[in-house]
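The values are calculated or read from the model by the stated rules, or taken from the named source; none is laboratory data. Since we're looking at a predicted model, the values are computed, not measured. All Cβ positions, even for glycine, are placed from backbone atoms using ideal geometry, and neighbour counts span all protein chains on display.
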Amino acid sequence: MKKAYLAGFLAALLLLPGTAFAAEETAPLEYVCSISVNTSDMEGGEWEYLFASGEETQIFLRAGEKRVFLLCNGVFTAADVRIVKDTAYVPLSVLVEDLGFTVDEGKNGVSLVRGDQRLMVSSKAGTLDTSKMLPLRDIAEALGAEVTYEREGIAPLGNPIISVEFRETVLTEEEALKRVKEVLTSCLEAERESGYVVQDRVAEDPAVSVVIEKEISEMTFTEDIVAGYYVLEGPGLYLVEKSTGDLYRKTGGGHGGSASYMETIQKVEAGDTEVFAGYYLG
């Protein structure tokens, strides 16, 4: 993975008392994970990190703590995912609130329903406890979802991510590759025209731009498989949403342990002059 987009600049802004990430508006897949200043013992080396995505999903993580992240139709949730003998389980409430299933309680048993698809989860009449743990993949796939498990690379701090996707794939691989190249090329051209990156404070370097241009032209798909997204590598790591064509960039990496740690996924818009700022900021 190439240098982190806006790593140094954003770190200075985000390592402030309070939340690690505050944004007026975020796209569904976007997140920031960085040091939680208020809950970390910097002198004692007891690091805690805050993962923030959107207005509702905030997760605190201790250094070395493992967590399985759950992505539902492109939206990160704070769901409690438990892995038992290589099977992921989630509470019934997650299937209802995050995946949009409805519960049908009939005299012949309890079923989960999505659209015209139905899956019986209990042969006994009655009401299911919303905290009851159910096998995520078996239920989601039975009701029409694509489910993937990615061990490392997309979620922060080296954690795995499960992606559950019901949305229809609209873009082919060829279309996704063409789109990402077009968007990134427009960003590079805007940077060259402006003459600056990072809000007019760092000058564009023609030699660096040539390198970026070459990496855009040579972009390839990675071996990562994330339901709902194509994952590509070039001048950074990118995710293209299969249903909308929206483009996102993953930045940062590692397992924490320093005040400068940060990982993000940020949406990339055509003509953004700061997309390649990481080449300058280090």
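Scan ILE212, ILE162, ILE139 and give me the residue that is under 17 Å from ARG82 (Cβ atoms), part of a helix (DSSP H, G or I) and of a type in the set (Val, Ile, Thr).
Checking each option against the conditions leaves just ILE139.
Would you check if ALA176 is of a type in the set (Gly, Ala, Ser) and at pLDDT 90 or above?
yes
Of the residues that make up the range 187-202, is at least one under 30 Å from LEU61 (Cβ atoms), out of contact with any Phe, Trp or Tyr (no Cβ under 9 Å at 6 or more places or on another chain) and not polar (S, T, N, Q)?
For the range 187-202, residues under 30 Å from LEU61 (Cβ atoms), out of contact with any Phe, Trp or Tyr (no Cβ under 9 Å at 6 or more places or on another chain) and not polar (S, T, N, Q): absent.
Would you please list the contacts, defined by Cβ atoms under 9 Å and residues six or more apart or on different chains, that run from a residue in the range 181-194 that is closer than 11 Å to ASP272 by Cβ to a residue that is among the polar types (S, T, N, Q) and assigned to a helix (DSSP H, G or I)?
Within 9 Å, the pairs are LEU188/SER209; GLU191/SER209.
Where residues in the range 90-120 are out of contact with any strand residue (DSSP E or B) (no Cβ under 8 Å at 6 or more places or on another chain) and without any contact (Cβ under 8 Å) to a residue 12 or more places away in the chain, which of them is surrounded by the most Cβ atoms within 10 Å (Cβ to Cβ)?
Ranking the candidates gives GLU97 first.
At least 1 residues that are charged (D, E, K, R) in each: list the strands (runs of 3 or more DSSP E) lying fully within the range 72-130 that qualify.
82-84, 102-106, 109-114, 117-122
Would you please list the contacts, defined by Cβ atoms under 6 Å and residues six or more apart or on different chains, that run from a residue in the range 124-152 that is crowded, with 16+ Cβ neighbours inside 10 Å and at pLDDT 95 or above to a residue that is in a helix (DSSP H, G or I) and hydrophobic (A, V, I, L, M, F, W, C)?
Filtered contacts from the range 124-152: VAL147/ALA140.
Give me a count of the residues in the range 58-114 that are β-branched (Val, Ile, Thr) and over 14 Å from LEU136 (Cβ atoms).
So the answer is 6.
Scan the range 60-103 residue by residue and report those that are among the aromatic types (Phe, Trp, Tyr) and within 12 Å of SER163 (Cα to Cα).
Passing the criteria: PHE69, PHE76.
Out of ASP200, ASP272, I need the residue that is in a loop (DSSP other than H, G, I, E, B), of a type in the set (D, E, K, R) and surrounded by 17 or more Cβ atoms within 10 Å (Cβ to Cβ). Which one?
Being in a loop (DSSP other than H, G, I, E, B), of a type in the set (D, E, K, R) and surrounded by 17 or more Cβ atoms within 10 Å (Cβ to Cβ) holds for just one of ASP200, ASP272, which is ASP272.
Can you name every residue in the range 250-269 that is surrounded by fewer than 18 Cβ atoms within 10 Å (Cβ to Cβ) and either closer than 11 Å to LEU157 by Cα or within 13 Å of the chain's Cα centre (by Cα) (or both)?
GLY253, GLY254, HIS255, GLY257, LYS267
Could you give every pair whose Cβ atoms fall below 7 Å, whose first residue belongs to the range 258-282 and is over 17 Å from ASP200 (Cβ atoms), and whose second residue is of a type in the set (Phe, Trp, Tyr) and not in a loop (DSSP other than H, G, I, E, B), counting only separations of at least 6 or pairs across chains?
Final answer for the pair search is THR264/TYR31; ILE265/TYR31; ILE265/TYR248; GLN266/TYR248; LYS267/TYR248; VAL268/TYR248.
Would you check if GLU218 is in contact with a Leu (Cβ under 7 Å, 6 or more places away or on another chain) and over 20 Å from GLU152 (Cα atoms)?
Answer is no for this residue.
In the range 21-71, which residues are modelled with pLDDT of 90 or more and on the phi > 0 side of the Ramachandran plot?
Residues satisfying the conditions do not exist here.
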